[in-house]
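The values are calculated or read from the model by the stated rules, or taken from the named source; none is laboratory data. All values reported here derive from a predicted model rather than from experimental measurement. Don't worry about glycine lacking a Cβ; one is built from the backbone with ideal geometry, like all the others, and counts go over all protein chains shown. Accessible surface is based on the protein model in full, side chains and every heavy atom, while ligands, DNA and RNA are left aside. Shrake-Rupley method; radii C 1.70, N 1.55, O 1.52, S 1.80 Å.
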Amino acid sequence: MITGEPTPERESGPTALRIVLGAQLRRLREAAEISRADAGYAIRGSESKISRMELGRVGLKERDVNDLLMMYGVTEDEVRAKFLDMVRRSNSPGWWHRYSDLMPDWFQDYVGLEEAASRILTYETQFIPGLLQTEDYAMAIASHGRPELAGPAVKRRVALRMQRQKILQRPGAPRLWAVIDESVLHRPIGGRRVLLEQVEHLLSVTRESSITLQVVPYQLSGYAAEGAFTMLRFGEPDLPDIVYLEHLAGALYLDKLDELEVYSRVFDRLTVDAETPDRSRQLLSKIRADL
């Protein structure tokens, strides 16, 4: 009989909990030598439903998890109660729920994973990374350069971005390592005043030990990577690293080992090509003086 308890997890958001739960249910099923098809039949579902549950792609129902635990031989009331408590918490709305009308599903998943990450590695070629943007800089982007015409929806998008930044201020904040192309610092998003305030903000936040910023100089621009990407790393053993690639019609989430290896190597190359954090701060100071 299987008696394993759910793996303890640090305080995680619902998206991360869903993935952790799915991985633990997969291990229990495999240990019990039960096929996905048989497990799906037991909960009045299909093999593909079990696959989606185990990958954390869908919400989990207490009844389904309860039935699967019985099938997998987990009968201890205390253990089952812990699993079902995790199910309830995985279904609770995250803080971003009130912005769900503005966010496509693929981006809601990203915000939930970003909330749970222990390290965030990001490379940007056009804008300052969202987690480091000032409110006026974010407004200039969201309003397409016309902040005076911004309506309620645009203002709420900016509020969402500012709310996301709070993960960098909480206890146990994730480490953020951002690499940006030098052109980003010369692109006059929002005009001179907004760009100056943005550069000053970067100089301020990079004094924090949890935030590292490096600038790729013009002469090495575009060699290591063709476009922007973000890699999320997690403290939970059941959460794989994820590379997030956004495009005009949605986003890609890459988690296969060969894909992760490619992007890890690219990020390492970017950090070598870029100015050191100290020299990057010197460059920011020079740009501030010029502005």
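Taking all protein chains into account, the per residue accessible area for the range 200-275 stands at 54 Å² (1.4 Å probe). Of all the C-alpha pairs in the range 155-291, what % are more than 19 Å from each other? Above the 19 Å cut-off, the range 155-291 has 60 percent of its Cα pairs. Within the set of other residues whose C-beta is less than 14 Å from the C-beta of Asp278, count the net charge using Lys and Arg as +1 and Asp and Glu as -1. Net local charge, Asp278 excluded: +3.
Surface analysis of the range 1-135 yields an accessible area of 47 Å² per residue, using protein heavy atoms and a 1.4 Å probe.
Is the shape of the range 91-141 best called rounded, prolate or oblate, per the rule: a/c under 1.5 gives rounded, else a/b larger than b/c gives prolate, else oblate, with a ≥ b ≥ c the square roots of the Cα gyration tensor eigenvalues? Note, shape of the range 91-141 comes out oblate. Helix-only arithmetic for the chain: the sum of -39500 (n - 2.57) across DSSP H runs with n ≥ 4, divided by the residue total, places the mean residue ellipticity at 222 nm at -14500 deg cm²/dmol. With bins 10 Å wide beginning at 0, the percent of Cα pairs of the range 1-141 falling in each bin runs 11, 36, 28, 15, 8, 2.
Basic side chains Lys and Arg get +1 at the Cβ, acidic Asp and Glu get -1 at the Cβ, and with that the dipole of the chain about its Cα centre reaches some 820 debye. In straight-distance terms, cross-link reach from Lys61 covers every one of the aspartates and glutamates whose alpha-carbon lies under 14 Å from its own, apart from those fewer than eight places away in the same chain; here that gives Asp85. Taking all protein chains as present, what is the carbon and sulfur share of the accessible area of the chain, in % to the nearest whole number, probe 1.4 Å? The computed percentage sits at 51. The share of C-alpha pairs in the range 92-179 whose separation exceeds 21 Å stands at 33 percent.
Report, in degrees rounded to the nearest 10, the 0 to 90 angle that the Cα long axis of helix 77-90 makes with the longest principal axis of the chain. So the helix axis and the longest Cα principal axis differ by about 30 degrees. Of the residues Pro240, Val272, Met162, the one whose Cα sits farthest towards the positive end of the charge dipole of the chain is Met162 (charges of +1 on Lys and Arg Cβ, -1 on Asp and Glu Cβ, taken about the Cα centre).
Across all directions, the shadow cast by the convex hull of the chain built on its C-alpha atoms averages 16.6 square nanometres. Rounded to the nearest whole Hz, the Karplus-based 3J(HN,Hα) values (6.51 cos²θ - 1.76 cosθ + 1.60, θ = phi - 60°) of the range 91-105 follow the sequence 9, 6, x, x, 4, 7, 4, 6, 9, 4, 5, 9, 10, x, 4, with x at glycine and proline.
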